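Student: Below is one structure. I have some questions about it.
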Amino acid sequence: MSLSLRQLHVQRGETHALKNLSLDIPSGARVLILGPNGAGKTTLLRAIAGLVTPKTGKIDVRGKIGWCSQHECLWPDLTPAEHLELFAELLGTSPLTRERLKSVDLETKSNAQVHTLSGGMRRRLSLALALLNNPEILLLDEPDAGLDADGQVKLANLLFAAAKDRTHTSFSCSTLRRVRASGFFAQASQNRFRKPWLWHLL
């Protein structure tokens, strides 16, 4: 088991973002978190990543976490290479700049300032940063947000590759239309909880 939640309750003011949520995610699983805006998808991922403190409940995470936020954490005047070097220094790991940029199809943009990159390129850079510490658990919060159909397909191919060696990949998406368009989750068997809804992928 790579991830276990027990009676997780997260409250923001008077709003119960997550209430008494329990689940077990086995090693090697890919999980889709599906629900409308405000269902608690991002809150759940942030709680797993340790960015939100639950009111009650227990989270047992076994393995390093890679986090790809819905909102880009990029500096517009830095280049992709500089981002990798900075984050690698913070994490105490090797940037392996050329290899990592090649893996997300950004090798030719190594020295371009981020503000000159397309939305799809910036999302792929965010994915490279999430993979920097070689995580067993990869949390992706709406990674295809704002991308056109071509960008979604490119990102889906990268996610397939990234997921192969991960213990568990979690992906958050608002609508089934976007899930089907991305192609990353082609088949799923539903495993419903109250909200958000989780799908364990075949």
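The values are calculated or read from the model by the stated rules, or taken from the named source; none is laboratory data. Nothing here was measured: the structure is a model prediction, and the numbers come from that model. Glycine also receives a Cβ, built like all others from the backbone with ideal geometry; neighbour counts cover every protein chain displayed.
Student: For LEU140, are the conditions met, namely being of a type outside the set (D, E, K, R) and at pLDDT 90 or above?
Tutor: Numbers: of a type outside the set (D, E, K, R): yes; at pLDDT 90 or above: no.
No.
Student: Next question. What's the total number of residues in segment 1-42 that are closer than 25 Å to ARG62 by Cβ and acidic (Asp, Glu)?
Tutor: First, the residues of segment 1-42 that are closer than 25 Å to ARG62 by Cβ: 1-10, 17-34, 40-42.
Filter once more, keeping what is acidic (Asp, Glu): 24.
Summing the residues that are closer than 25 Å to ARG62 by Cβ and acidic (Asp, Glu) in segment 1-42 gives 1.
Student: Just a yes or no: is a residue in segment 114-127 assigned to a helix (DSSP H, G or I), surrounded by 20 or more Cβ atoms within 10 Å (Cβ to Cβ), aliphatic (A, V, I, L, M) and under 13 Å from the mean Cα position of the chain (by Cα)?
Tutor: The answer is yes; a qualifying residue exists.
Student: Considering only segment 1-17, state which residues are of a type outside the set (D, E, K, R) and closer than 15 Å to THR43 by Cβ.
Tutor: Our first condition is that a residue be of a type outside the set (D, E, K, R); within segment 1-17, this holds for 1-5, 7-11, 13, 15-17.
The answer is LEU5, LEU8, HIS9, VAL10, GLN11, GLY13, THR15, HIS16, ALA17.
Every residue, every condition in (1) under 28 Å from ASN37 (Cα atoms); (2) basic (Lys, Arg); (3) at pLDDT 75 or above, yes or no:
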| position | (1), (2), (3) |
| --- | --- |
| LEU91 | no, no, yes |
| THR97 | no, no, yes |
| LEU106 | no, no, yes |
| SER110 | no, no, yes |
| ALA128 | yes, no, yes |
| ALA186 | yes, no, no |
